[in-house]
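The values are calculated or read from the model by the stated rules, or taken from the named source; none is laboratory data. Since the model is a prediction, treat every value here as computed from it, not as a measurement. Glycine gets a Cβ as well: all are built from the backbone with ideal geometry, and neighbour counts include every protein chain shown.
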Amino acid sequence: MKKFALIPIMLGFFAMGFADIVGTVMNQVTAECGLSPKMAGFLPSMIFIWFFVISVPAGILSARWGRKKTCLLSLAVTIAAMFLGWTAGRERVWVYYLVFALLGIGNTILQAALPALLSNVVEPDKLTSRLSLGQFVKAICAALTPVFVGIAAVKLGNWKLLFPLYGGLTVLAAGTMALVPIPREAKREGAGTSFCGALSLLGDVRILVLFLGIFASVAADVGFNIAVPGILGSRYEVALDKAGMGPTVYFVAKTVASFAGAFVFARIRPARCFPWTVGLCLAGTAAAWLAPTPVLFLAAVFAASFGLANTFGICFGLAMAHRPDRTDEASALMVMAIAGGGVVSIAFGFAQTAFGVAGLFGVLLVPIAYMMVLALVLRNKR
């Protein structure tokens, strides 16, 4: 039964990838509505602010109401967001902000409950490996988004067809999760019922540094997602429709690395791999800064993405393995750190306005440098 239970959970990870449409869609919305870089930078923050605001309450809800029911609630909110997106436009630009806010709320609840639900069907020592598999499925969604947008814009004449498409896929994910039996977590007295209790986990130094590690991982991930099309357009003068395909290279690398991580982490302790993955990301970022042609730039982005892809799963898995007695609270707390994506999106808007491409790379290097230090500290830890 547990093997079949992985199917709806992995479909949930695919729906989780809808938050990664932000880089591609932001460029389309900016062009359609004539937004300034600063105003466009607030679009991703409409998604990521909710990770800071409601992740812990979502974890508390998950503990009290049940992880599966909480995931279904998140998918319902995501469905509403996707179908509302069809009504947005230049004269209704505020709808885009509302769509991104609803998408952020749904995604926050899903990310707080789904990894914990995954722990219902896998053994603790396999959790990081299965989280990498989930990140692989999530990355497939992210890699396909620029392709779908390009086809919808060029072949069908409306890029916003992406919204009903992903809305329909979310309906499929929700229906499958509702119908397939998933083992329910054992109830534990007082577990996951306190907001202050969840925040108190930050008093554990290891939880704190892993919390900041996820903050940095998501900041770098969103940063690349936003920066790649902008750099292709401003530095290499690539047209918008083609520059929008740049994130596909990033997400293809992320997909391949996540798939590989699912097997590697089943055999090698994730903490031992951590410095190597971050080191590759750092080297790729430096190469992207120096790349003289768009082809070499995208090759460097591929390397950086390959190294970055599993950092989220490593930090998340290490945190949950460190406190298996407080899974719901630890999961919700780690999801709160995803707010790093919103912070970096605003920073990118200001940095690009003030310093151009150099500002984009400067913002990117800060979270990557932190992860490098964290990886070296944790490399011999379990």
Query raised in the report: Could you give every pair whose Cβ atoms fall below 7 Å, whose first residue belongs to segment 112-133 and is within 22 Å of Leu333 (Cβ to Cβ), and whose second residue is buried (at least 24 other Cβ atoms within 10 Å of the Cβ) and acidic (Asp, Glu), counting only separations of at least 6 or pairs across chains?
Result: Ala116/Asp328
Query raised in the report: Has segment 291-309 got at least one residue that is surrounded by fewer than 24 Cβ atoms within 10 Å (Cβ to Cβ), closer than 23 Å to Phe51 by Cβ and over 20 Å from the mean Cα position of the chain (by Cα)?
Result: no
Requested in this report: Look through Gly34, Gly59 and report the one residue that is under 20 Å from the mean Cα position of the chain (by Cα), more than 19 Å from Gly168 (Cα to Cα) and small (Gly, Ala, Ser).
Outcome: Gly59
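For (1) modelled with pLDDT of 85 or more; (2) in a helix (DSSP H, G or I); (3) under 19 Å from the mean Cα position of the chain (by Cα), each residue gets a yes or a no:
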| site | (1), (2), (3) |
| --- | --- |
| Gly41 | no, yes, yes |
| Ile47 | no, yes, yes |
| Lys68 | yes, yes, no |
| Ser74 | yes, yes, yes |
Query raised in the report: What about Gly230, is it over 13 Å from the mean Cα position of the chain (by Cα), under 17 Å from Val149 (Cα atoms), surrounded by fewer than 24 Cβ atoms within 10 Å (Cβ to Cβ) and modelled with pLDDT under 80?
Result: yes
Query raised in the report: Which numbered condition trips up Leu165, out of (1) more than 19 Å from the chain's Cα centre (by Cα); (2) within 25 Å of Ala253 (Cα to Cα); (3) modelled with pLDDT of 90 or more; (4) crowded, with 22+ Cβ neighbours inside 10 Å?
Result: (4)
Requested in this report: Could you grab me the full set of residues in segment 1-27 that are at pLDDT below 85 and buried (at least 21 other Cβ atoms within 10 Å of the Cβ)?
Outcome: Phe18, Ala19, Asp20, Ile21, Val22, Gly23, Thr24, Val25, Met26, Asn27
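Looking at the structure I just gave you, is Ser45 buried (at least 19 other Cβ atoms within 10 Å of the Cβ) and farther than 19 Å from Leu169 by Cα? Can you show your working first?
Details: buried (at least 19 other Cβ atoms within 10 Å of the Cβ): yes; farther than 19 Å from Leu169 by Cα: yes.
For Ser45, the condition - buried (at least 19 other Cβ atoms within 10 Å of the Cβ) and farther than 19 Å from Leu169 by Cα - is met.
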Report task. Would you point out which residue out of Val137, Val93 is surrounded by fewer than 24 Cβ atoms within 10 Å (Cβ to Cβ), at pLDDT 85 or above and either farther than 23 Å from Val53 by Cα or not aliphatic (A, V, I, L, M) (or both)? Result -> Val137
Report summary line: Here the residues within segment 107-130 that are out of contact with any Phe, Trp or Tyr (no Cβ under 8 Å at 6 or more places or on another chain) and assigned to a helix (DSSP H, G or I) are Ile109, Leu110, Ala112, Ala113, Ala116, Leu117, Leu118, Pro124, Asp125, Lys126, Leu127, Arg130
